[in-house]
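**Student:** Mind looking over this structure? Questions follow.
Any read-out appearing in this document is the output of simple, stated calculations on the displayed coordinates, not a laboratory observation. This structure is a prediction, so every number in the text was calculated from the model and none was measured. Here the Cβ positions follow ideal geometry from the backbone for every residue, glycine too, while neighbour counts run over all protein chains shown.
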Amino acid sequence: MRLPPLVLVLLLLSSAAQAELDSFGVGTGRDGSLTVNTRRTINTAMRMPLGAQRGTRTLSVEAVTAPAVGSLLLIHQTQGFASSTPSGGTGPTSPGGVGSWEMARVSSVTAGSPMVIQLSAPLVNTYDAPGSQAVTVPEYTTVNVSGSGSLVAPAWNGSSGGILAFLANGAVTNNSSINADGMGFRGGVFGENTTRTNCTGDDLPTSQGGAFKGEGLVVERYGSASGRGNLVNAGGGGICKDAGGGGGGHRGAGGLGGRTAPTDGMRDMGGQGGVVMDYTVVYSFLLGGGGGAGEGDTGDGSSGGAGGGAVLVRALSVSGGGTFSANGAAAAASGGEDGAGGGGAGGSVIVRVTGALGCSQALVQGGAGGNAPSASFQTGPGGGGAGGVLLLHGASVLCSGSHAGGAAGTAGSSGGSYGATAGGIGEMKQFIFPYQAPTTPVITEPIVNTTVSTRPTIRGVADPGMRVIISVDGVRVAEVGAGVDGAFVTVLDPPASELAVGTHVVTAVSESMGAYSRPASQVSFNARSQAADAGLEIPIIVVPAEGEVTGPTPYIAGVAVNARTVGLYIDNREEAIVTADSQGRFRYDIPADSPLAVGPHKVNAHGHDVDDNSSGSSPDTRFEVVLPDPDAGSPTPDAGGSDAGSSGPDAGSGDAGSGVTREVPVLVVPAEGEWVDPTPLFAGVAQPGATVSLDVDGTRVATVVADATGAFRHTLAAESALTSGAHAVSASMLNSESGTPGPKSPDTGFQVRGPTALDVGCGGCGASPTGAAAAWVLLIGVAALLRQRRRQVSGVRVTPPRPKCGPPAR
């Protein structure tokens, strides 16, 4: 698919919350067409008394009517802040996991109290109780809301509700209203108090002059919490003589309630407005906070307004002159001499369509604070509710939006606000490109039915720039970004990601702006224990070869089956420890600041498992270090190239790794993404004595026989030199009778540098053309000397010094 510009990538990086992890798109149309001519509710909301853990397929819900098998549910964490959360917060606040959601399909239902629902796939998120709910999501073909009809969310009742959601794989025509106005968190209820003056307190009891706070993200406090302090996004109640309630908060801050009566000194004791909730609507959504109640002692005050709920619509297209809205409710005016309540905050409206999106308006406005109209007695009006959050997404968007905060209430005949303030503005996002799922990713490693370690490397290909979410056995284990070439990779690191011994399946989905691909085809693999009783194999050193001549900073590479780490002893140096990947591959560069001296050297390796048990050591591999000779002249081409299937006199002992039965070769050199010269070395490990086919870009370039340890090596001849640019190599063992190849190794991508892209050490990185030319001359000198040395070491391939970085800037 073609991706939207840079804003897509920036928004992908803007939030740690991940939700809407579904590939249901605009639905299946299983519920047919819908025509609405009256006020109608289409969703059933169900409390989840036990919550649900990530990875489970089971929901326990409180419901009278069972959802149909095959239907969709939206699971939402609607509340979740602990009841002990202190009041009086200020500044933007992250909702954390509250607001996260996903869709899931029902596979079976068991009646009971609670009712038990089995899902077709494991949950991606954890949902805590209390505060989580499941809402049915109809899947229509077309939806037509006539001028006399409306679709309305079920009201939030303290444990479920507030959400209107449906999918349509055809057109939605809205000529009236699709709304969740005032269906969100409830406003604080007015209650008559005894006259109090000179009181203060964020959590003042009603018996001492505190009015009730509104409702918000904090669980189990509604109807009992009183005082002027907000409870996160819930507005505080007015305290002391006739103060106004604070407005609810959401993407803006709720307004402050009006002051106390003149007989109490007109003090600023109105309820605090709910705080700004800092999150990204692409991944989460919240209901609007309720306003706090006004304080009063004559029975004439007003309650706070309810916040707006949430509307979520995904469709092929949307048209018509109607509205989508989740406005906060305005608080009623007070009567007599009492304070008024604060307005409710706007909720969330999310409309995403594949084609054109048209409507009259989309609204998530805060409700106005209640007026205190008494002309004979000055009392506090309510603060305005905050604006909510609005997301409009389509190939074209012709739909005006408003996310304004609600106005402050007014006091007396003068019309002044008497200390009450308006709610803050909310947020609106528009994405002008089609809503559609990314391409399904492909898992390329592990290979199906292979045996890997309990912390395997997982590779694959997806659309470039996508966020890729990887799951093993239905549980999310990693999130990575796909590169510009679409490749992604992760290694499951212990202890949290260590897999149990046995069979597992891995899959992945791609995500872009909250749109998710279909899951990748599952790859089944076996995880083999790395504990001592699983049998650590003696490592096989592939590079350098026995008797090889190298520069002073060569690299050591090989394979150590079942090893977590590999220890290398180079001469009498301190042990160097490197990590082995899921195929046992390891690689170590001699540091540039600690080069090897000229002359003979030796290296051996041993593996460590997860319990730090050690394998036996490999036989010493002996090699020689030389320095370049500036007078060596230009190298002459090798006749017939080089094929080093033998590792020298000690290679045939069979002491290293001979107990391993391999079906798929393991390529060690080059490393993934490495820059090499046009005649590179290909090296790896296969079954001892096997004939190995080496394929570059899908074409066989050589066959080579693995030695008694299983190691094989081949350097391309000059006449087979590769062109500069990107290439990929794989290896497979040939059937001894038919000559047909068996399973091949995963492709290893590498880059071939041209003459102007040579890099010798990091001194050439980013060098000028003059510097690059000097590097070229140096490499010619090195190659010439090494060829001279090679003629002195009969039958042994000579490796020039390996460059340390990519090509210089041009």
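**Student:** Which order do S87, S396 fall in if you start with the one that has the fewest other Cβ atoms within 10 Å? Could you put the intermediate results ahead of the total?
**Tutor:** Details: S87 21, S396 14.
So the residues, fewest neighbours to most, are S396, S87.
**Student:** For the charge dipole of the range 202-275, defined by +1 on Lys and Arg C-beta atoms and -1 on Asp and Glu C-beta atoms about the Cα centroid, which residue among G258, A234, Y222 has the Cα displaced farthest towards the positive pole?
**Tutor:** Highest projection toward the positive end goes to G258.
**Student:** Here's something else I'd like to know. Please sort 141-148, 236-243, 282-289 by packing, taking for each peptide the average over its residues of neighbouring beta carbons within 10 angstrom, highest first.
**Tutor:** Listed from highest to lowest mean packing, they are 236-243, 282-289, 141-148.
**Student:** Another question, if that's okay. Which of rounded, prolate or oblate describes the range 69-181 when judged by the alpha-carbon gyration tensor and an a/c cut-off of 1.5? Spell out each step's value before the answer.
**Tutor:** Working: a/c = 2.16, a/b = 1.26, b/c = 1.71.
Since a/c reaches 1.5 but b/c is at least a/b, the shape of the range 69-181 is classed as oblate.
**Student:** Name the residue from P464, V489, S524 whose Cα lies farthest towards the positive end of the charge dipole of the range 442-528, charges +1 on Cβ of Lys and Arg and -1 on Cβ of Asp and Glu.
**Tutor:** So the residue we want is S524.
**Student:** In what order do F324, F712 fall by count of nearby beta-carbon atoms within 10 Å, going from fewest to most? Don't skip to the end; give the middle numbers.
**Tutor:** Numbers: F324 29, F712 32.
Ascending number of Cβ neighbours within 10 Å: F324, F712.
**Student:** Then there is this: Kindly state, to the nearest 0.05, the FRET efficiency for R39 paired with Q430, given R0 = 22 Å and r defined as their beta-carbon distance.
**Tutor:** 0.15
**Student:** Using θ = phi - 60° and the Karplus form 6.51 cos²θ - 1.76 cosθ + 1.60, what ³J(HN,Hα) does each residue of the range 141-154 get, whole Hz, x for Gly and Pro?
**Tutor:** Karplus values, whole Hz, x for Gly and Pro: 7, 10, 10, 10, 9, 6, x, 9, x, 6, 9, 10, 6, x.
**Student:** Kindly put V219, V135 in sequence by how many other C-beta atoms sit within 10 Å of each C-beta, fewest to most.
**Tutor:** V219, V135
**Student:** First check a/c for the range 129-241, with a ≥ b ≥ c the square roots of the eigenvalues of its C-alpha gyration tensor; if it is under 1.5, answer rounded, and if not, answer prolate when a/b is larger than b/c or oblate otherwise. Walk me through the numbers before you get to the answer.
**Tutor:** Numbers: a/c = 4.47, a/b = 2.62, b/c = 1.70.
Judged from the Cα gyration tensor, the range 129-241 comes out prolate (a/c at least 1.5, a/b above b/c).
**Student:** Tell me, what HN-Hα J-couplings in whole Hz come from the Karplus equation 6.51 cos²θ - 1.76 cosθ + 1.60 at θ = phi - 60° for each residue of the range 437-451, using x for Gly and Pro?
**Tutor:** Couplings: 7, x, 5, 5, x, 10, 7, 9, 8, x, 7, 3, 6, 8, 9 Hz.
**Student:** Around G710, which amide H atoms from residues at least 5 apart in sequence, or from another chain, sit under 5 Å from its own amide H, with H modelled in the peptide plane?
**Tutor:** Correct list: G689.
**Student:** While we're here: First select every other residue whose beta carbon is under 15 angstrom from the beta carbon of N198; then total the charges, Lys and Arg +1, Asp and Glu -1. Working shown, then result.
**Tutor:** Numbers: positive: R196, R228, K241, R259, R267; negative: D242, D264, D268, E295, D297.
Summing Lys and Arg as +1 and Asp and Glu as -1 gives 0.
**Student:** Separate question: So, by mean Cβ neighbours within 10 angstrom, what's the order for 371-382, 403-414 with the highest one leading? Intermediate values should be presented prior to the final figure.
**Tutor:** Numbers: 371-382: 26.8, 403-414: 25.0.
Top of the packing list down: 371-382, 403-414.
**Student:** Still on this structure: Going by Cα centres, the range 427-493 and the range 678-717 are how many Å apart?
**Tutor:** Cα centres, the range 427-493 to the range 678-717: 30 Å.
**Student:** Non-local amide H neighbours of T444 (under 5 Å, H modeled in plane, Pro and chain starts lacking H): which ones?
**Tutor:** R459, G460, V461
**Student:** Give a residue-ordered list of calculated ³J(HN,Hα) values for the range 665-674 (Karplus: 6.51 cos²θ - 1.76 cosθ + 1.60, θ = phi - 60°; whole Hz; x for Gly, Pro).
**Tutor:** Listing the rounded values in order: x, 10, 7, 10, 10, x, 7, 4, x, 6 Hz.
**Student:** Considering only the other residues whose Cβ falls under 11 Å of the Cβ of E215, what net charge follows from Lys and Arg at +1 and Asp and Glu at -1?
**Tutor:** On the way: positive: R186, K213, R221; negative: E220.
Net charge in that neighbourhood comes out at +2.
**Student:** Calculate the dipole size of the range 420-551 relative to its Cα centre from +1 charges on Lys and Arg beta carbons and -1 charges on Asp and Glu beta carbons; express the result in debye to the nearest 20. Before the final figure, lay out the partial values.
**Tutor:** Details: 7 positive and 13 negative charges, 105 e Å.
Magnitude of the dipole: close to 500 debye.
**Student:** Please work out the C-alpha center-to-center distance from the range 209-259 to the range 301-325 and express it in whole Å.
**Tutor:** 24 Å
**Student:** In addition: What is the local net charge at R467, summed over the other residues whose Cβ is closer than 10 Å to its Cβ (Lys, Arg +1; Asp, Glu -1)? Walk me through the numbers on the way to the answer.
**Tutor:** Details: positive: none; negative: E479, E511.
Neighbourhood net charge equals -2.
**Student:** Contour minus end-to-end for E663 and V598, with contour as 0.36 nm per residue of separation and end-to-end as the Cα-Cα distance?
**Tutor:** Numbers: separation 65, 0.36 × 65 = 23.40 nm, distance 3.98 nm.
Working it through step by step, the gained length comes to 19.4 nm.
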